[in-house]
Amino acid sequence: MPPIPKGMKAVVIEETGGPEVMQYKTNWPVPEVKEGQVLVKNSVSGINYIDTYHRSGLYPTQKPLVLGRDGEGIVTSVGSGNTYGFKEGDRVVYYGASSYAEYTAASAKHSIVIPKEIPDGVACASLLQGLTALTMIRESYAVQKGDWILVHAAAGGVGLWLMQLLRSIGAKTIGTASTKEKLDLATKNGATYVINYKEEDVVKRVREIAGPDGVAAVFDSTGKDQFENDLEVVARKGTVVSYGNSSGAVPPFPIAKLANKNVKVLRPKLDNYIYTREEFEAYTNELFNFIIKDKFDVRIHEEYPLQDVKRAHEDLEGRKTTGKLLLRP
């Protein structure tokens with residue numbers, strides 16, 4: 001194993017704002033590995049919509065901050081305490097923080113060895129978005145065969161995972177997106193029906209497709225723009241799962257509004273579904289099985305050099321992307 005340098009390339013924010021606040025550093029200190037951590041030399045780092053919330057200030061964080069929530073690479077050093085048997089040279093994927101860098105001190109509890117059958121980059125392209133989708137269809141709303149399910153942003157990173165997972169369960173799905181290319185991709189990945197939300201009346205079309213009773217559940221990463229529509233189309237005793245804010249945060253609303261149909265609204269956070277090591281391992285191994293045995297398509301939109309992170313965020317927020325965006329440190 002080559003020696004660990006003192007400095008590294010990293011993307012840092014010292015203030016909140018648009019993509020311009022991200023600073024590409026070439027001599028940022030390599031983190032010291034602490035108790036319960038492993039130091040990973042990243043081969044790829046994941047870009048997720050939550051990174052834009054940290055960057056913009058929608059989700060407050062301490063600064064300076066190295067952005068990023070997931071990555072994969074080689075363990076170069078192991079900290080003290082319980083590190084779950086990791087050793088130098090292990091090829092791992094992790095969920096945590098500060099992955100927009102050459103090295104990340106990752107939590108051993110939320111790291112796992114990548115099966116040899118999974119190619120470079122695919123584990124990172126799967127982990128956060130795949131776990132988000134999988135935990136939501138198991139725990140936010142336990143989807144059953146034959147359920148009508150509405151998925152917004154169906155060609156996005158989590159959306160494509162939802163399409164494939166819901167198809168494997170036997171649910172009947174309606175996916176929304178903004179372009180023909182995205183609608184075709186959602187269909188290819190399992191959507192039973194698709195709606196162009198820019199050209200069609202979403203509420204009217206959902207009722208035409210699923211019937212006047214509506215859908216059993218809505219999975220919505222858009223936030224503000226579709227929330228009122230979600231409450232309109234969800235069935236009596238149905239569930240609205242709001243898990244993102246790509247169009248802005250859902251504004252306050254009177255809780256009595258849910259009484260019209262005894263609707264449940266959830267705002268899940270992945271961390272709370274994979275809080276324990278046992279939960280993380282169980283869900284991640286299930287995710288790997290979908291990739292290896294069920295041949296799930298893990299779509300990578302583009303791999304960007306670390307110094308092109310500003311363009312990557314602009315593409316993501318401009319809704320120019322489908323699937324996962326990766327950085328190469």
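The values are calculated or read from the model by the stated rules, or taken from the named source; none is laboratory data. Just so it is clear, the model here is predicted, and its values are computed rather than measured. Virtual Cβ from ideal backbone geometry, glycine too; neighbours counted across all protein chains shown.
Per-residue answers, yes or no, for (1) in contact with a helix residue (DSSP H, G or I) (Cβ under 7 Å, 6 or more places away or on another chain); (2) of a type in the set (Lys, Arg):
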{"position": "VAL206", "(1), (2)": "yes, no"}
{"position": "ASP220", "(1), (2)": "yes, no"}
{"position": "LYS224", "(1), (2)": "no, yes"}
{"position": "ALA256", "(1), (2)": "no, no"}
{"position": "LYS269", "(1), (2)": "no, yes"}
{"position": "ILE274", "(1), (2)": "yes, no"}
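Conditions tested, residue by residue: (1) within 16 Å of the chain's Cα centre (by Cα); (2) small (Gly, Ala, Ser).
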site	(1), (2)
TYR84	no, no
SER98	yes, yes
GLU102	no, no
ASP120	no, no
CYS124	yes, no
Item to complete: Could you figure out which of (1) over 20 Å from the mean Cα position of the chain (by Cα); (2) in contact (Cβ under 8 Å) with a residue 24 or more places away in the chain isn't true of THR135?
Response: (1)
Item to complete: May I ask you to list the residues in the range 33-48 that are in contact with a Ser or Thr (Cβ under 6 Å, 6 or more places away or on another chain) and either hydroxyl-bearing (Ser, Thr, Tyr) or not in a strand (DSSP E or B) (or both)?
Response: VAL33, GLU35, SER45
Discussion item. Anything in the range 27-59 that is more than 26 Å from ASP120 (Cα to Cα), in contact (Cβ under 8 Å) with a residue 60 or more places away in the chain and surrounded by fewer than 19 Cβ atoms within 10 Å (Cβ to Cβ)? List them, or say none.
Written reply: LYS34, TYR53, LEU58
Worksheet item: Just a yes or no: is a residue in the range 1-19 in a loop (DSSP other than H, G, I, E, B), within 25 Å of ALA125 (Cβ to Cβ) and either touching a residue at least 60 places away in the same chain (Cβ under 8 Å) or not polar (S, T, N, Q) (or both)?
Response: no
Fill in: Where LYS145 falls short, out of the listed (1) in contact with a strand residue (DSSP E or B) (Cβ under 8 Å, 6 or more places away or on another chain); (2) within 30 Å of VAL206 (Cβ to Cβ)
(1)
Fill in: Any hit, the range 155-177, residues being surrounded by fewer than 23 Cβ atoms within 10 Å (Cβ to Cβ) and under 18 Å from LEU270 (Cα atoms)
no
Discussion item. Against the conditions (1) more than 23 Å from ASN48 (Cβ to Cβ); (2) of a type in the set (Gly, Ala, Ser); (3) not in a strand (DSSP E or B), where does ALA216 fall short? Just the number, please.
Written reply: (3)
Worksheet item: Restricting attention to the range 96-109, and to residues there that are modelled with pLDDT of 95 or more and surrounded by fewer than 24 Cβ atoms within 10 Å (Cβ to Cβ), which single residue is nearest to ASN42 (Cα to Cα)?
Response: GLU102
Discussion item. Of the conditions (1) out of contact with any strand residue (DSSP E or B) (no Cβ under 7 Å at 6 or more places or on another chain); (2) touching a residue at least 12 places away in the same chain (Cβ under 8 Å); (3) under 27 Å from GLU302 (Cα atoms); (4) in the same structural domain as VAL44 (by TED's automatic domain parsing), PRO119 satisfies every one except a single condition; which number is it?
Written reply: (2)
